[in-house]
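Contents: one structure, followed by commentary.
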Amino acid sequence: MLAQGLTPILNVSDIRASFAWFEKLGWTKGWEWGDPPGFGGVCSGDCEIFLCQDAQGGRGRGPSPRTFGPDGDENGDQGVWMSIWVDDVDAIHQHCLEQGLEVTWPPADMPWGVREMHVRHPDGHVFRIGRGSEE
């Protein structure tokens, strides 16, 4: 198989609120379908994520305020975990704080050679925002 593209589909409880959340993260609403909308997409550059209200996949926010580390819970959130690769993790972190998004792991240099942070969508989807560490 030679994949031509990959678009994750996230189960969300409120598609309009999810569009607004992604806009705070710096993404744009690409399209919506239905009246009222129940399916749609958000975009950033060449990347797209589909959002499906109340269907197609799982969701569920875990109880822990951290998604990583000694007092974190990597298994609590029942949503999708995805890695997003960026140029400047620290700038994204600052932007997320300014927008009031839930950062569950601040930027850190990880032993596997990635500087990353985590931000959690209200439905329990976790985004690992990272960049390969400079040698």
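Filter the range 4-13 down to residues that are out of contact with any Phe, Trp or Tyr (no Cβ under 8 Å at 6 or more places or on another chain) and in contact (Cβ under 8 Å) with a residue 60 or more places away in the chain and give me whichever is surrounded by the fewest Cβ atoms within 10 Å (Cβ to Cβ). Walk me through it before giving the result.
Filtering the range 4-13 for residues out of contact with any Phe, Trp or Tyr (no Cβ under 8 Å at 6 or more places or on another chain) gives 4-6, 11-13.
In the following step, the residues that additionally are in contact (Cβ under 8 Å) with a residue 60 or more places away in the chain were identified as 11-13.
On the way: ASN11: 20, VAL12: 29, SER13: 14.
Restricting to residues being out of contact with any Phe, Trp or Tyr (no Cβ under 8 Å at 6 or more places or on another chain) and in contact (Cβ under 8 Å) with a residue 60 or more places away in the chain, the top hit is SER13.
Among the listed residues ASP77, ASP71, which satisfies the condition of being buried (at least 16 other Cβ atoms within 10 Å of the Cβ) and among the charged types (D, E, K, R)?
Sole residue among the options that is buried (at least 16 other Cβ atoms within 10 Å of the Cβ) and among the charged types (D, E, K, R): ASP77.
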State the number of residues belonging to the range 69-86 that are part of a loop (DSSP other than H, G, I, E, B) and either more than 20 Å from ILE15 (Cβ to Cβ) or not small (Gly, Ala, Ser) (or both).
12
Yes/no for GLY40 being touching a Leu at 6+ places or on another chain (Cβ under 6 Å), surrounded by 14 or more Cβ atoms within 10 Å (Cβ to Cβ) and in a strand (DSSP E or B)
yes
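Are there any strands (runs of 3 or more DSSP E) wholly within the range 87-135 with 3 or more residues that are surrounded by fewer than 18 Cβ atoms within 10 Å (Cβ to Cβ), and if so which?
On the way: elements: 102-109, 114-120, 126-132.
Where strands (runs of 3 or more DSSP E) fall fully within the range 87-135 and carry at least 3 residues being surrounded by fewer than 18 Cβ atoms within 10 Å (Cβ to Cβ), they are 102-109.
Being in contact with a Ser or Thr (Cβ under 6 Å, 6 or more places away or on another chain) and in a loop (DSSP other than H, G, I, E, B) is the requirement here; does ARG66 meet it? Step through it out loud before you land on a result.
Details: in contact with a Ser or Thr (Cβ under 6 Å, 6 or more places away or on another chain): yes; in a loop (DSSP other than H, G, I, E, B): yes.
Against the criterion (in contact with a Ser or Thr (Cβ under 6 Å, 6 or more places away or on another chain) and in a loop (DSSP other than H, G, I, E, B)), ARG66 qualifies.
Scan the range 114-122 and tell me whether some residue there is more than 16 Å from GLY69 (Cα to Cα) and within 12 Å of the chain's Cα centre (by Cα).
yes
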Looking at (1) modelled with pLDDT of 95 or more; (2) within 16 Å of the chain's Cα centre (by Cα); (3) surrounded by fewer than 16 Cβ atoms within 10 Å (Cβ to Cβ), which is the only condition GLY58 fails?
(1)
Which pairs do you get when a residue that is at negative phi, found in the range 28-41, comes within reach of a residue that is crowded, with 16+ Cβ neighbours inside 10 Å and polar (S, T, N, Q), reach meaning Cβ atoms under 8 angstrom, with the pair 6+ apart or on two chains?
PRO37/GLN53; GLY38/GLN53; PHE39/GLN53
So which residues in the range 11-55 are among the acidic types (Asp, Glu), under 15 Å from the mean Cα position of the chain (by Cα) and over 21 Å from GLY100 (Cα atoms), if there are any at all?
GLU48
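The values are calculated or read from the model by the stated rules, or taken from the named source; none is laboratory data. Owing to the predicted nature of the structure, the values given are computational and were not obtained by experimental measurement. Neighbour counts are summed over all protein chains in view; Cβ atoms, including those assigned to glycine, are modelled from backbone coordinates with ideal geometry.
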